[in-house]
Structures are given as C-alpha cells and as structure tokens.
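All remarks here apply to the structure that follows.
The values are calculated or read from the model by the stated rules, or taken from the named source; none is laboratory data. None of these values were measured; they are calculated from a predicted model. Virtual Cβ from ideal backbone geometry, glycine too; neighbours counted across all protein chains shown.
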C-alpha cells in the first residue's frame with residue numbers, strides 16, 4: 001500500500017503538549033564552520049577555506065531531543081558525557097531548551113563527542129571527529145539503569161538513539177528494554193551496527209536502507225531484495241516492527257503477519273541528509289505517544305524527514321512546518337516559508353555559490369498591482385528573492401488597530417504563491433534590522449515612495465557590501481486606499 005493513512009491530515013498537534021518522552025543515546029556537539037573557497041594553499045594542494053560564520057548545535061541523540069522540543073514535547077535525556085567545555089556547552093544547549101538533564105552522568109575520563117563540519121559553497125569539505133567508541137563502565141550502566149527504573153513511570157515512551165559511540169552495551173540495552181516492557185512502555189530504537197539482535201524485545205527499530213542491508217546480510221538492489229531484507233530483520237531481531245527508511249523512496253513498515261506497508265515520499269530538493277534519522281525517530285515517537293496509530297505516526301515522520309533534508313545541517317522540524325506540509329491548501333508553497341534559523345544557512349550556501357540575494361519587506365495586506373510590480377522588479381535584480389512579511393502585531397503598530405485585514409499565515413501563503421518569490425519569512429516588530437543583519441542581502445529593495453536614506457537597514461546592507469534599490473512606483477495605489485474605497489462603497493469616479 002502506498003500513501004498517507006487516514007487521520008494524518010487532521011492530526012491534532014496539540015496532543016504533543018501532553019507527551020513526556022525519555023531519550024537515551026549518544027550525545028554530541030555538531031559544529032559547523034561556514035566559509036568560502038577562492039584559492040589553493042601555497043603550502044599544499046588543498047583548498048583554503050575562509051570562515052565567515054560558525055555555529056554549534058545538538059547532534060546525535062541531542063538532535064532527537066531538539067526535534068521533540070520543537071514539536072512541543074516535554075523531554076528528559078539520559079546518557080554519559082564528559083566534564084570539559086563540550087559537556088558544559090551541551091548542558092547549556094539543553095538548559096536553553098528546557099530539557100530535564102537529571103539523567104546525564106558526567107565523567108572526566110570520557111570526552112563529549114564533537115563533530116566539526118567545514119562547508120564551503122554547497123560542498124561539505126571536511127569533517128573532524130573528536131570522540132571515543134570505548135564502552136561505558138559497569139558503574140555508569142548501573143547509574144543509567146537506576147535512573148530509568150526510578151523515573152520510567154513518568155514517561156509515555158522511551159526512544160533509544162544509538163550512534164555506536166560505546167553507550168549501548170548489550171547489558172545496558174537488555175536492562176533498558178526489560179524495564180520498558182515491565183512498565184508497559186513503548187521503546188523505539190534508531191539502531192547502529194551489524195547485530196540488531198541486541199535490540200530484541202523493543203517495540204520497533206528504524207534502520208535506513210544501508211543499515212538494514214548490512215544487518216540483514218542482504219544487498220538491497222531492488223524492491224524485491226528490500227522486502228526480503230526487511231522481513232529477515234523482523235524475524236531475526238526480534239522486534240514488533242521494522243520501519244525501514246529509504247530516502248527519496250519513502251519508508252516501508254514491516255509487521256508480523258501483515259503485508260509490508262509502503263509510505264511514499266514527495267520529491268524535494270535535498271541539501272543535507274544529516275539528522276534525517278533523528279527527525280524520523282522523534283516524530284515517529286511523538287506521533288505514536290500522542291495517540292496516532294503506528295502507521296499514522298510513520299507517515300508523519302516521513303513528511304518530517306522530507307522537510308529536514310531541505311535544510312542545511314542538523315536542524316529540527318517545527319510543529320508549524322509539519323502543519324503546513326500536511327495542509328492540502330498549502331502544498332508545495334510550504335517549502336518557501338522559512339524561519340530565520342533556516343534562512344541563515346540557505347543564504348550562506350547561495351552566497352558561496354555566487355548567487356545574488358535580493359530582499360524586500362512589507363505588510364502586503366491586500367495584495368495589489370503595486371506589490372506585484374515591486375516583487376517582480378526585485379526578482380529581476382538578482383538570482384533569489386527573499387520576502388520578509390510583518391506579523392500581525394507589527395502591522396497593527398504600523399497601520400492601526402483595525403489592521404491587518406488579512407492574517408499573517410494567509411499573507412505568507414499568498415506571497416508564497418508568486419513565481420517570482422523564492423523564500424518568505426515572518427518577522428515581529430523591531431526585528432527587521434536583526435533579520436537583515438543575519439541574511440546580509442546583496443540588494444535590499446523598497447518602493448520609490450521611500451528615499452534611500454529612510455530605508456530601514458540601509459547601513460547594514462551597505463556595510464556588508466550590498467546596496468539599496470528603489471523600485472519606481474507609478475500607480476497611485478495602496479492597501480489603505482483600497483480599504484477606504486471599499487468602506488465608501490466602491491471605486492472612486
């Protein structure tokens with residue numbers, strides 16, 4: 001069977017608020033160094049990357065946590081981490097998210113994993129790993145098991161994120177899975193390695209196609225071999241369900257005494273597959289814990305994976321992004337709608353590719369011919385057009401308490417539907433300069449009813465080497481004028 005199960009389109013996302021999920025897994029810091037390459041080193045035949053920005057995010061099981069928090073789930077995390085600067089950063093990132101970290105065991109004898117990725121243009125130039133794969137001690141196993149046994153009744157579900165960094169010894173897995181079964185708790189595993197039998201007794205495992213092929217000992221070359229490999233894993237592990245993720249081909253769910261269930265994926269532009277498995281585990285777990293059937297939860301996870309591969313680096317999928325992706329009235333338009341955290345790496349990638357970024361902003365309340373000409377002319381000034389739209393509060397501050405006429409989400413959809421627009425984002429009052437600073441457009445456009453000196457953000461753009469362009473406005477038209485005409489009963493004579 002192919003498609004999205006009944007009930008997913010009308011899924012109640014507010015049910016995430018009632019979920020409490022425990023995530024156990026290998027935690028790490030994902031560091032990104034974004035730069036550009038314009039020469040070869042005179043010291044050796046290697047590229048010289050000029051770093052323009054760096055960032056650190058939660059990686060590994062931390063990315064599962066990040067995704068759950070973005071959905072509104074209450075999360076606790078358990079693992080073994082180091083005691084140095086990377087561990088302190090990890091704890092700070094969790095604190096900022098409001099995550100319960102009482103299940104973390106710190107030890108000075110074990111480093112906190114850190115992966116540094118160097119990106120230039122659309123190329124992933126290099127990755128540097130600082131880690132250990134040594135198994136944790138029996139004392140640490142005992143501490144983790146004690147925490148889980150004391151607290152497991154507080155959780156709706158347990159998610160295990162195995163990155164093969166030595167946390168999940170067979171003894172730890174056995175005791176965790178037994179504790180979950182004794183307390184009638186669902187336990188879902190994102191597996192690693194060749195021996196999946198160590199996860200025996202889990203509710204489900206979520207290998208990708210490559211992992212499934214290696215663990216089953218069957219080369220997956222076509223649909224037939226995929227089905228054989230999936231059924232073999234289901235019988236040999238043994239678990240209740242195997243959800244195999246297959247990239248652009250979607251997912252296949254294997255269950256005992258049932259035919260394999262296929263969930264297709266929408267075609268999307270793929271920027272980065274890192275973290276997609278984390279997103280699948282998080283959304284699958286949250287959906288199932290919220291009362292959806294396993295098939296419905298898998299379909300949600302499939303949609304979420306399609307969103308996250310369109311982002312650069314490990315990044316969570318928000319509840320709003322999922323809602324938009326499932327809304328048939330939005331469809332492909334949702335891909336254009338980005339928040340600032342999404343736009344920053346997109347802008348970095350576009351710049352590194354030599355693309356000219358154009359940005360404009362406004363309320364766009366009651367779209368009219370003046371707006372269309374502004375946006376069309378703006379797009380012609382570069383390769384990519386980003387449109388920033390005032391949120392409802394910002395419109396009220398600018399236009400008065402009776403505005404906007406059209407709400408922010410509808411205005412986002414309307415602007416997204418225009419072919420000349422590549423990305424749309426929403427900003428709040430007083431956030432515009434921060435937005436411009438973060439995106440650093442090559443060209444900032446406004447209508448000729450402004451002067452260059454009165455364009456907010458001009459100094460930021462020019463300081464970054466960009467310019468402000470005023471688009472000629474020839475029609476005496478505005479949203480305010482249209483609203484007044486409607487109030488007066490029609491067009492002016």
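Structure values in brief
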item	result
Test: residue in region 351-367 that is in the same structural domain as residue 435 (by TED's automatic domain parsing), modelled with pLDDT of 80 or more and out of contact with any strand residue (DSSP E or B) (no Cβ under 9 Å at 6 or more places or on another chain)	yes
Residue ID - farthest from residue 339 (Cα to Cα), chosen from residues in region 406-425 that are touching a residue at least 60 places away in the same chain (Cβ under 8 Å) and in contact with a strand residue (DSSP E or B) (Cβ under 6 Å, 6 or more places away or on another chain)	421
Test for residue 464: is it assigned by TED's automatic domain parsing to the domain that holds residue 358, at pLDDT below 90 and within 17 Å of residue 386 (Cβ to Cβ)	yes
Residue identified as touching a helix residue (DSSP H, G or I) at 6+ places or on another chain (Cβ under 7 Å) and closer than 21 Å to residue 66 by Cβ among 116, 102, 112	112
Any hit, region 94-101, residues being loosely packed, with under 15 Cβ neighbours inside 10 Å, touching a strand residue (DSSP E or B) at 6+ places or on another chain (Cβ under 8 Å) and on the phi < 0 side of the Ramachandran plot	yes
Filtered residues of region 382-403 (kept if surrounded by 17 or more Cβ atoms within 10 Å (Cβ to Cβ), under 31 Å from the mean Cα position of the chain (by Cα) and not in a helix (DSSP H, G or I))	382, 384, 385, 386, 387, 388, 389, 390, 391
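One line per residue, one yes/no per condition, for (1) exposed (fewer than 14 other Cβ atoms within 10 Å of the Cβ); (2) under 24 Å from residue 368 (Cβ atoms); (3) under 33 Å from the mean Cα position of the chain (by Cα):
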position: 407; (1), (2), (3): yes, yes, yes
position: 412; (1), (2), (3): no, yes, yes
position: 438; (1), (2), (3): no, no, yes
position: 444; (1), (2), (3): no, yes, yes
position: 458; (1), (2), (3): no, no, yes
position: 462; (1), (2), (3): yes, no, yes
position: 465; (1), (2), (3): yes, no, yes
position: 470; (1), (2), (3): no, yes, no
